[in-house]
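The values are calculated or read from the model by the stated rules, or taken from the named source; none is laboratory data. Predicted, not measured: the structure shown is a model, and the values here were computed from it. For neighbour counting, all protein chains shown are included, and Cβ atoms are generated from backbone atoms with ideal geometry for every residue, glycine included.
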């Protein structure tokens, strides 16, 4: 069976709105203690700052994931690189971009997460779909944690 997959690397976007300020949402991603409270179930090590290399650990995918921070502009944008399966780049890394935008008179924040660099192959598609699920879960967990103080992921994977 022949498939007509695109020849260019694939990317996806995940977007959500959280009822708090850009600063609070940005810090929920950049601060390792806050990120560990609702997302990195095995813990995050290191603050997301331009030029830093940090690590994330997840109970559902045990083992530390090294994360390179290419850019961190407080309350606006974070750009990361991390490894994936089925990645197009020679270094085996994909790019993840978080964009934070104030909406509704600064009462809420629109968060857009883009991950790019997947091969147009079965392995690349599997990796992209898996990570798309992961980033969607992260946004849902962050919203509930910031707005209601509830950790959705607690006990979910372990």
Q. For segment 137-158, how many residues meet the condition of being out of contact with any helix residue (DSSP H, G or I) (no Cβ under 6 Å at 6 or more places or on another chain) and farther than 12 Å from residue 17 by Cα?
A. 9
Q) Considering 9, 32, which residue is in contact with a strand residue (DSSP E or B) (Cβ under 7 Å, 6 or more places away or on another chain), at pLDDT below 95 and surrounded by 14 or more Cβ atoms within 10 Å (Cβ to Cβ)? A) 9
Q: Name the residue, out of 72, 89, that is at pLDDT 95 or above and touching a strand residue (DSSP E or B) at 6+ places or on another chain (Cβ under 7 Å).
A: 72
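Do we find a residue being assigned to a loop (DSSP other than H, G, I, E, B), in contact with a strand residue (DSSP E or B) (Cβ under 7 Å, 6 or more places away or on another chain) and either without any contact (Cβ under 8 Å) to a residue 12 or more places away in the chain or buried (at least 17 other Cβ atoms within 10 Å of the Cβ) (or both) anywhere in segment 56-67?
No: zero hits.
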Q. For residue 24, are the conditions met, namely being surrounded by fewer than 18 Cβ atoms within 10 Å (Cβ to Cβ), in contact with a helix residue (DSSP H, G or I) (Cβ under 8 Å, 6 or more places away or on another chain) and under 18 Å from residue 128 (Cβ atoms)?
A. no
Q) Does segment 92-114 include one or more residues that are over 21 Å from residue 59 (Cβ atoms), within 12 Å of the chain's Cα centre (by Cα), free of Cβ contacts under 8 Å to residues at least 24 places away in the same chain and outside any helix (DSSP H, G or I)? A) yes
Q. Hey, any hits in segment 128-149 for a residue that's under 15 Å from the mean Cα position of the chain (by Cα), within 19 Å of residue 32 (Cα to Cα) and part of a strand (DSSP E or B)?
A. no
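Do the conditions hold for residue 80, that is, is it within 13 Å of the chain's Cα centre (by Cα), under 21 Å from residue 136 (Cβ atoms), in a loop (DSSP other than H, G, I, E, B) and touching a residue at least 24 places away in the same chain (Cβ under 8 Å)?
Details: within 13 Å of the chain's Cα centre (by Cα): yes; under 21 Å from residue 136 (Cβ atoms): yes; in a loop (DSSP other than H, G, I, E, B): no; touching a residue at least 24 places away in the same chain (Cβ under 8 Å): yes.
Considered against the rule, which asks whether it is within 13 Å of the chain's Cα centre (by Cα), under 21 Å from residue 136 (Cβ atoms), in a loop (DSSP other than H, G, I, E, B) and touching a residue at least 24 places away in the same chain (Cβ under 8 Å), residue 80 comes out as no.
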